Amino acid sequence: MFAYTWNNHFEFGYDDGARFLPRANSGQKFVAKFGRCRDEIISWRKANILACREIEAVAQGPIWVLFSGGTDSEICVRSFLEAKVPIRIATLRLGNQANAHDLDYAEKFAQQMNLPITYFDLDMEKFWESGRLLEIVDPIQCVSPILAAHLWLANQLDGTPVIAQGEPHLKKDVPPDYIPGESPYLPSPWRLVESERLCSLYTHFILQDRPAVPGFFQYLPEQFYSYLIYNRILKSLIENRMLGKLGTRSSKNQIARQFYPEVEERPKFTGFEKIESWHDQIRATLAERFPHSDDNFYIEYFDLISLLKRRTSIREIDYASRF
């Protein structure tokens, strides 16, 4: 099987640890595992460049980056350019200009970097009505129309598609009765959230026995480690100094600009804002179709750091000294 992350350092499965297989029944518990770093890389940017070079070494055919125009996909493209790894750019163009706001950023960046874009057109409503969306999500029990669109685009490409997913997503533990803005913002642990939904990207390519990088930002353990350690904003979150913050998603662009200050600030788009009501309706339908396939795996921040840290480190990591 193609190694979808370096040396298969990242694994997911159910209960007994069986790797990369679809859910067999509703009682199974989704689990994930993370490998250890070979090197102590002090920059997320440098780790991303190293990932590009490792991907080039194993890619089959041309490397295609799925480029939405969002911050994540721009950083992925920048990483390949800085690594001097040849790539092709594929961009999804939704019907009725549904993602025109994202395409504006994509076209602007492509012009700045003198990059040609290959566009692929998809009308999401016709995609659903024809049954082709279900053909993609049924084998992998995926509840997300957005991910289905990404996978449709990847299916149009030869070679090795790369999807700019997989950066660490952390959430703060809070009591069930916590009310934002009213309850006290008490110190509590932060945990990484690994999503069964996003891991269905991997399952799609595994079932096809096809080379791909479904989660660029978790291809190497060094990418996870450097993002989690050398990150001033995340440090403030972990230390509960950003009052009201319960997760990293709302700070993603700020975090990214620490490492890539040249990336233009922009709102966080899904690309589906103009068809949001349609999306939500289909999302609910898929949730009913796969009611037990949207589980999450959690691991506390410092436990994850211990798993990722390279064994050959001479000294223990002094977290505070990194900032």
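Bear in mind these aren't lab numbers, they're just calculated from the coordinates by the rules spelled out. Everything numeric in this text was worked out from a predicted model, so none of it was measured. As a convention, Cβ positions derive from the backbone with ideal geometry for all residues, glycine included, and neighbour counts pool all protein chains shown.
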For the Asp15, Lys84 Cβ pair and Förster radius 45 Å, calculated FRET efficiency rounded to 0.05 is 0.55
Run the numbers on the chain and let me know its relative contact order in percent, using alpha-carbon pairs under 8 Å that are six or more apart. 27 percent
Scan (i) 168; (ii) 146; (iii) 126 for the value of volume of the Cα convex hull per residue in Å³ calculated from this model and give just the label. (ii)
Per-residue [θ]222 nm for the chain (sum of -39500 (n - 2.57) over DSSP H runs n ≥ 4, rounded to 500): -11500 deg cm²/dmol
Can you pull the one-decimal nm distance between simple spin-label points at Ala284 and Glu262, each 7 Å off the Cα toward Cβ? 4.6 nm
Describe numerically, in nm with one decimal, the distance between label points set 7 Å from Cα along Cα→Cβ at Ile146 and at Ile42. 3.5 nm
Which GluC sites (Glu not before Pro) in segment 130-203 sit in a loop by DSSP (not H, G, I, E or B) and have at most 11 other Cβ atoms within 10 Å of their own Cβ? Glu182
Once label points are set 7 Å from the Cα along Cα→Cβ at both Asn296 and Glu239, what is their separation, rounded to one decimal in nm? 2.5 nm
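With only Lys, Arg, Asp and Glu charged, each at its Cβ (+1 for the first two, -1 for the last two), find how big the charge dipole of the chain is about the Cα centre; round to the nearest 20 debye.
960 debye
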Report, in listed order, any pair from Lys171/Lys245; Lys252/Lys274; Lys171/Lys235; Lys33/Lys252; Lys172/Lys235 with a Cα-Cα distance greater than 18 Å. Lys252/Lys274; Lys33/Lys252
